[in-house]
Amino acid sequence: MKNKRLIQILLLTLSFGLLLTWGISYYLLNLSRELVFQEVTSRFETRTELLAQNLDNWITDKAVEWRTYTHNETLQHLLEKSNNEFDKLKTPANYINERDLEWRKYDPKDGESDIVNQVNNNLVSKNLSILKWEYEAEYGYPVYSEVFITNKYGANVAQSNLTTDYRQDDEDWWEEAKTKGLHLSSVIYDQSSASYALDLGVKVSDRQDKFLGVIKAVINAQDLAHKLNQSSYLYGEKVTLLNAQHQILFSSDNSKEFFEDGGLLLAGDTLKKNLKYRHYLNHDQVTDTEMFSVLNSFSNNPMLKKLGWLLIIQAPESLVLKPVSQIDQIILILKISLLTNIFILLLFLLFTIKKTLKSGSVKRLDSKALKRLQIFNLNKAGQ
């Protein structure tokens, strides 16, 4: 009896030890899974942040380049001279409107135009044309679709190539560049250059910070793609840049067309989300693959965030989350083993209880039979 009791205690102790070991292992595996997931997501966050910073540096370099150009003495002299001439006019706005009508009607096929020649033939215009050509020769494509400069009244005074309008002060970009010092647009179709481009507007001031005019550099969207193509991508990694309307501005694997709707790239179950990034699973319909995706909304890059751009890095879930999946498999095995142990333990306890009850019943029967035998013997002796 004592041995049987001892065996029961040992089995219960062993079962408790197994459950405790399982519990600790389950906790540690879940902790490891979370740490691995955090490491994977952090790595992708760093990737998106580096790409975002590259874009920010790209546009900042452009702005610095043209801000530096505003200090050019020839440019400053041209703007001061033009502004002085316009200051002497009784109604500069009327004069500009008249010349704007003449400018719009001009067709190079009709011959030369005095107003166009006046803008084209100064030293600044010739310098802008040379700069534009030098960039194109260096990169193999027109980095700048066009560059032109207005005086403080918004009238064109210099240009790299012919613009569609003479008057510019009625444009939002011109007003923003004048008041805030800098304007940057998203990628739009530029009618003047007949290309998709970003507009960069830079305020021109003299040494006393007196407003002289505005420079507008129209950056070819091809230069944006060139900048992103210079980045190195990991195996299976795909990078996509969307504008505020979720149209595709860049796709690293060229599977999407320029300005194609990229809204489907944002669909999927969110795995993790914070103020800067969103991690989610997106189904790639082309390859029929679940893609681990990280969305960066340029929260650390105010200039680009204002444009509403979105940067997405994707990679096959099977590659990115493989360590997490392996831990999930181990956790599943532990769960199955726990259920098996619990089932065996329950069977053992049921068997033990049943056997104990049966044993107790037999003892009670034996006790009653003994008493009856004693009474029988006593009666027999009395006779």
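Some notes on this structure:
- With an a/c value of 1.5 or above and a/b not larger than b/c for the gyration tensor axes a ≥ b ≥ c computed over the alpha-carbon atoms, the range 81-224 is described as oblate.
- Electrostatic dipole magnitude of the range 72-205 [Cβ: Lys, Arg +1; Asp, Glu -1; Cα centre; debye, to 20]: 300 debye
- Proximal aspartates and glutamates relative to Lys180, as straight alpha-carbon distance under 17 Å, when same-chain residues fewer than 8 apart are discounted: Asp169, Asp170, Glu171, Asp172, Asp199, Asp206, Asp209
- Given Lys105/Lys216; Lys178/Lys305; Lys210/Lys306, the pairs whose alpha carbons are separated by over 25 Å: Lys210/Lys306
- Placing a pseudo-label 7 Å from each Cα along the Cα-to-Cβ vector at Asn97 and Asn300 gives an inter-label distance of 5.1 nm.
- For Val204, nonlocal amide neighbours, meaning residues 5 or more places apart or on other chains whose placed amide H falls under 5 Å from its own, are Leu212, Gly213, Val214, Ile215.
Readers should treat all values here as calculations from the given coordinates under stated rules, not as data from a laboratory. Values in this document were obtained by computation on a predicted structure and should not be read as measured data. FYI the Cβ positions are ideal-geometry reconstructions off the backbone, even for glycines, and counts take in every protein chain you see.
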